[in-house]
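The values are calculated or read from the model by the stated rules, or taken from the named source; none is laboratory data. All values reported here derive from a predicted model rather than from experimental measurement. Here the Cβ positions follow ideal geometry from the backbone for every residue, glycine too, while neighbour counts run over all protein chains shown. Surface areas here come from the heavy atoms of the whole protein model, side chains and all, with no ligands, DNA or RNA. Shrake-Rupley method; radii C 1.70, N 1.55, O 1.52, S 1.80 Å.
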Amino acid sequence: MMEKTWRWFGRKDKITLDMLRQIGVEGIVTALHDVPNGEIWTLEKILDLKQYIESFGLRWSVVESLPVCESIKYGGPDRDELIEKYKISLANLGRAGVHTICYNFMPVLDWARTDLTHPNPDGTSSLYFSHAEFAYFDCEILKRSGAEQDYTPETLALVKEMKKKFTPEDEHRLVENIIVKTQGFVNGNITEDDENPVAIFRSLLHLYDGITPEKLRENMKYFLEAIMPVCDEWDMRMCVHPDDPPLQILGLPRIVTNDADIDWLMNAVPNPHNGLTFCAGSLSAGLHNDVPALARKYAKRTWFVHLRSTNVFPNGDFKEASHLAGRADIIELCRIFRSENPTLPMRVDHAPLMLGDERMGYNAGYSFHGRMLALGQVEGVMAVVDREFEEQLTK
Ligand code: DNO
């Protein structure tokens, strides 16, 4: 059965390791959140956190994330220097006995949602992505040149309507949701203290002027080839997180969105240390993705699983679904991973805000009660699937 892990944001997290131990969590997914992007993770700091986690009877199962700097992605002049630092951090993690590394290769934005508290009929709330609101942010707030060409006439008509009604507070909320609250805590480019996030964001986007998907692929291959010797030496399992959502946005190149992309990536660097974070939720938000089919195809190159699901509406908007429903088909995914790669670490993700979570100021998508419920649901599914599997074997 998959290992039950939980994303924990370090000693400052309001959700403590003592709480996690009580709800059946076995492994911790975390990062050195106080080390700025691009700086070396020292063995001393890694061991300090690892020992703290172990003092609760838990283990540090996965690093999420060891962030890849923008300059490595767009191929800036200091990329080799940054890759060397990345290799040192990887080797230090290997020495400390932490071998699974989740990272992403998304330019600028780590993930995107327009609403962090979309109300559900039962009184809980979920994360939501609205194409119209995203288009509003792009065309009216960011004022990205040529943005209109990326949206359908229907979406642009909605933007026009919104323009009549939107207050400065509405605009502020969109900026907060899209580029601040979803980014800062994942060691993103923009933090809560930045005074003019939109201006910073614009200059970040410009770093990618002229960077085509082909160029980004070339840079990703360059990065992976450069780190593979260290991964071989220390048995480091690199697992790329798919682009969330798995769509083209803001004119940026995005190259981990579908079967063809993943296929390219696995073959471009065929070393098994170049693997995948199977984020069922991210993949499910693209109607082009058949999530169980992708799991069947890539289970053997998967080193980490994010179990969550979404519902996609006819206009393309999507909302996080219950862990027992939605497009990801978590029940089938548990069957697939049980038979193909049974001991992978797994964490639930992006669960609703419920029962007071909304007052706790948790990082967007990382509630306590919502995730605890989701973990209980997934744990139940895994137990049934395990029983099915054992029964099959004895038939
Ligand atoms: C969002 C997460 C992402 C993910 C990174 C991995 O909730 O799924 O922030 O951790 O993209 O690098």
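Brief remarks on what is shown
- Peptide ranges 119-125, 36-42 listed from the most packed, as the mean C-beta count within 10 angstrom indicates: 36-42, 119-125
- Formal net charge of residues neighbouring Lys300 (Cβ-Cβ distance under 14 Å; K, R +1; D, E -1): +3
- Principal axis box of the stretch 181-256, alpha-carbon based, largest edge first, Å: 43, 28, 20
- Taking the chain and dividing mean pair separation by its residue count, relative contact order in percent (alpha carbons under 8 Å, at least six apart): 18 percent
- By average C-beta atoms within 10 angstrom, highest first, the peptides 46-53, 297-304, 357-364, 375-382: 297-304, 375-382, 46-53, 357-364
- Residues within the reach of a label modelled at Ser339 (point 7 angstrom out along Cα to beta-carbon, backbone nitrogen below 18 Å), restricted to the stretch 292-308, are 292-302.
- Environment charge at Ile331 (Cβ cut-off 12 Å; Lys +1, Arg +1, Asp -1, Glu -1): -1
- Under the shape rule built on the C-alpha gyration tensor, where the axes satisfy a ≥ b ≥ c, the stretch 215-353 is oblate, since a/c reaches at least 1.5 while a/b does not exceed b/c.
- One chain, two ends: Ser145 and Ile23. Fully extended at 0.36 nm per residue, the span grows by 39.0 nm beyond their Cα-Cα distance.
- log₁₀ of I(q)/I(0) at q = 0.10, 0.11, 0.12, 0.14 Å⁻¹ - the stretch 271-395, Debye sum with one point per alpha carbon: -0.33, -0.40, -0.47, -0.63
- Rounded to the nearest whole Hz, the Karplus-based 3J(HN,Hα) values (6.51 cos²θ - 1.76 cosθ + 1.60, θ = phi - 60°) of the stretch 124-139 follow the sequence 8, 9, 9, 6, 9, 10, 10, 4, 5, 5, 5, 5, 4, 4, 5, 7, with x at glycine and proline.
- The stretch 67-105 versus the stretch 213-252: alpha-carbon centroid distance in Å: 10 Å
- Set of lysines with alpha-carbon distance to Lys14 below 22 Å, sequence-local pairs under 8 removed: Lys4, Lys45, Lys50, Lys181
- Highest to lowest packing among 94-100, 196-202, 60-66, scored as the average C-beta count within 10 Å: 60-66, 94-100, 196-202
- With 5 Å bins from 0: P(r) over the stretch 1-98, alpha-carbon pairs, percent: 2, 13, 23, 22, 16, 12, 7, 4, 1, 0
- The amide H of Asn104, built 1.01 Å from its N in the peptide plane, has Val68, His241 as neighbours under 5 Å, considering only residues 5 or more places off or on other chains.
- Net charge of the neighbourhood of Leu373, taken over other residues with C-beta under 15 Å away and scored Lys/Arg +1, Asp/Glu -1, is -2.
- q = 0.12, 0.16, 0.19 Å⁻¹: log10 I(q)/I(0) that the Debye formula gives for the stretch 115-206, counting C-alpha atoms only: -0.41, -0.72, -0.99
- Normalised convex hull volume, the chain, alpha-carbon set, Å³ per residue: 145 Å³
- Accessible surface of the stretch 115-206, 1.4 Å probe: 52 percent of it comes from carbon and sulfur atoms.
- Bridge orientation summary for the chain: considering DSSP beta bridges with both residues in this region, about 25 percent are antiparallel.
- Inter-label distance, nm, simple model (7 Å from Cα along the C-beta direction), Ala260/Ala293: 1.4 nm
- For the stretch 108-122 versus the stretch 321-384, the gap between their alpha-carbon centres in whole angstrom: 17 Å
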